[in-house]
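The values are calculated or read from the model by the stated rules, or taken from the named source; none is laboratory data. All figures in this text were calculated on a predicted structure; none of them were measured in a lab. Virtual Cβ from ideal backbone geometry, glycine too; neighbours counted across all protein chains shown.
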Amino acid sequence: MVSFAAALSPIFWGDQMVHQSELTRARLRSAWIFLAPMLIVLALVAAWPLLRTIYLGFTDANLSDPSKAQFIGFDNFLAKYEGEWSGLLVDPQWWNAVWNTVWFTVRSVTIETVLGTIVALVLNANFPGRSIVRAAVLVPWAIPTIVSAKMWGWMLHDQFGVLNTILQNLHIISAPVAWTANADTAMWAVVIVDVWKTTPFMALLILAALQMLPSDCYEAAKVDGINPIKVFFKVTLPLIRPALLVAVIFRALDSLRIFDLIYVLTSNSRDTISMSGYARQQLVDFQEVGIGSAAATLLFIVIAIITVLALTVGKVRLAEDTAR
Amino acid sequence: MNPLKLLKAIGFWLLVVVIVVYAVFPFYYAILSSMRSGSALFQVVLLPEHFDFSNYIAVFAEQPFARNILNSVIVAVSVVAVSLFLGVTAAYALGRVSFRGRGALLLMILAVSMFPQVAVLSGMFELIRRLGLYNSLPGLILANLILTLPFTVWVLTTFMRELPKELEEAAFVDGASPWIVVRRVFLPLMWPALVTTGLLAFIAAWNEFLFALTFTLSNEQRTVPVAIALITGASQHELPWGNIMAASVIVTLPLVVLVLIFQRKIVAGLTAGAVKG
């Protein structure tokens, strides 16, 4: 019996191997069938529009009749007619939009990171009612951007806004401030609303990192009686730095493409218009599909470079970690 | 308790109160304002005095706001359904089958989620006009997929990868086709992930503004965010703030309730999508 089984086994094994590879091939085939619908949709709604946008940036396309578009090379970016430079790269309006966007991104991401860390540290502490506080913190995240823009637009209203009233009662300001209209404060108004809306996201990411930290080094620090602020900067911050970096990059990429908040809160005014706002203004309001697409392409390139840099840095860090 | 400890406790609770007030006050104030009309609206108060729902009635009377809500529901629900269907099938291939180019494909999908919306705006505009979908809900559904599909695929793939291998092997040995395996074996296990990604996709589609603003023309085709942004009064300088606040509360309340109910799932989904992606 034993020898019989032994004699049979190669056949059995061989059979199973054939079966296995057939199964693998069948699975591979079905994998591509399963992937196909998603890939087709993604090609239709992402790859194709992106390529067309880049192409349109090299044409003089107009919204009223895009079929008459002609290829004009780099003229939308930079061109010289009778000794006069023209194009996006010499357009002060474009550079104004670039400056606004960068100014906004740096301020708002910095403040969000600091506030987000504070909120995360509070949520990481053990206290009664913690889940209620966490729920409350999530509220701004759940509110649509347009709604938060309108809500804050009302709170920041120059005549009837609650913020002016409170600040005046506290004698911080003597006269009402036209937050969203004034050139000096309009961008700050945008930052205030954006910080309010996105700090929850930041706090959640940092909280997730905090909760993965080992508790033993904290206990050691506690036993040694080290000042908690010192513990934060010497122990916690270095440990959560990778997660913090990811969160900052995410938020920065998001801030660089801001459009809706500025469009609604400050009506795309010159003091606050972003790169996305500029591109859409050219495209829709001025019907200049070519220039709008060129601006959109520049924004895309900026974001792509930052993404690639971030991914490379992340990968290097990952490699370092595994090497250690 | 020694004085220093007491001081610390007071400081901590003060911080908690400040955080909660900061987070909740703007929405609270919007609810408060939505129930005041006429000249009462222009007096700043911090506590409700009376409940006046005339703004809520006016929102529906002065514009097709019910239609806008219906539009938003249709768009968001369709986007969620399409994203989840495409996401589950793709996640099976990406999470369970190893084939050449899988890593590159995942990286490409991740790259799409980094696209600034405006970078596809003119190409999408052209596409939608060519397909005859300008100023229609199917056009918005199609456009919104670029926002929801990448992270749906990503999160579902991560989830599917974690499921034990024996599950499908047993089914395959029994002669089940991959489609049956996905439907009968994986789908029942994936409810938590589907709820999370579905909710995130719903919120993304519900809040979407740039496409909805650019690809619609008439008030009847607009979604809620565009409708709220374009509410105007008798003149440009006299915005009907009471109506705007009422509309804001109407569209936000269901969202806030959803988020509070599914708090844990959303937090898990957000951090998974971000930390791993």
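Here are some notes:
- Filter result (of a type in the set (A, V, I, L, M, F, W, C), within 14 Å of A:GLY161 (Cβ to Cβ) and buried (at least 16 other Cβ atoms within 10 Å of the Cβ)) within the range B:30-64: B:ALA30, B:LEU32, B:LEU41, B:VAL44
- Among (1) in a helix (DSSP H, G or I); (2) more than 9 Å from every other protein chain (Cβ to nearest Cβ); (3) surrounded by fewer than 18 Cβ atoms within 10 Å (Cβ to Cβ) - the single one B:ALA76 does not satisfy: (3)
- Every residue from the range A:77-125 that is crowded, with 19+ Cβ neighbours inside 10 Å and modelled with pLDDT under 90: A:LEU88
- Among the helices (runs of 4 or more DSSP H) confined to the range A:165-258, the ones with at least 2 residues that are on the phi < 0 side of the Ramachandran plot and within 10 Å of chain B (Cβ to nearest Cβ) are located at A:186-211, A:237-256.
- In the range B:11-34, the residues that are aliphatic (A, V, I, L, M) and touching a residue at least 12 places away in the same chain (Cβ under 8 Å): B:ALA30, B:ILE31, B:LEU32
- With respect to (1) facing chain A (nearest Cβ under 10 Å); (2) of a type outside the set (A, V, I, L, M, F, W, C); (3) within 24 Å of A:PHE259 (Cα to Cα), the lone exception for B:PRO138 is condition (1).
- Looking across the range A:260-297 at every residue that is within 19 Å of the chain's Cα centre (by Cα) and charged (D, E, K, R), the one that is nearest to B:ILE228 (Cα to Cα) is identified as A:ASP260.
- Of the residues making up the range A:91-144, those that are within 14 Å of chain B (Cβ to nearest Cβ) and of a type in the set (Phe, Trp, Tyr) are A:TRP94, A:PHE127, A:TRP141.
- Restricting the search to helices (runs of 4 or more DSSP H) fully inside the range A:61-158 and requiring at least 2 residues that are more than 22 Å from the chain's Cα centre (by Cα) and closer than 28 Å to A:ILE229 by Cα gives A:92-124, A:130-142.
- All positions within the range A:128-182 that are polar (S, T, N, Q) and free of Cβ contacts under 8 Å to residues at least 12 places away in the same chain: A:SER131, A:THR165, A:GLN168, A:ASN169, A:SER174, A:ASN182
- Of the set (1) in contact (Cβ under 8 Å) with a residue 12 or more places away in the chain; (2) of a type outside the set (Asp, Glu); (3) closer than 30 Å to B:ALA93 by Cβ, all apply to A:LEU42 but (1).
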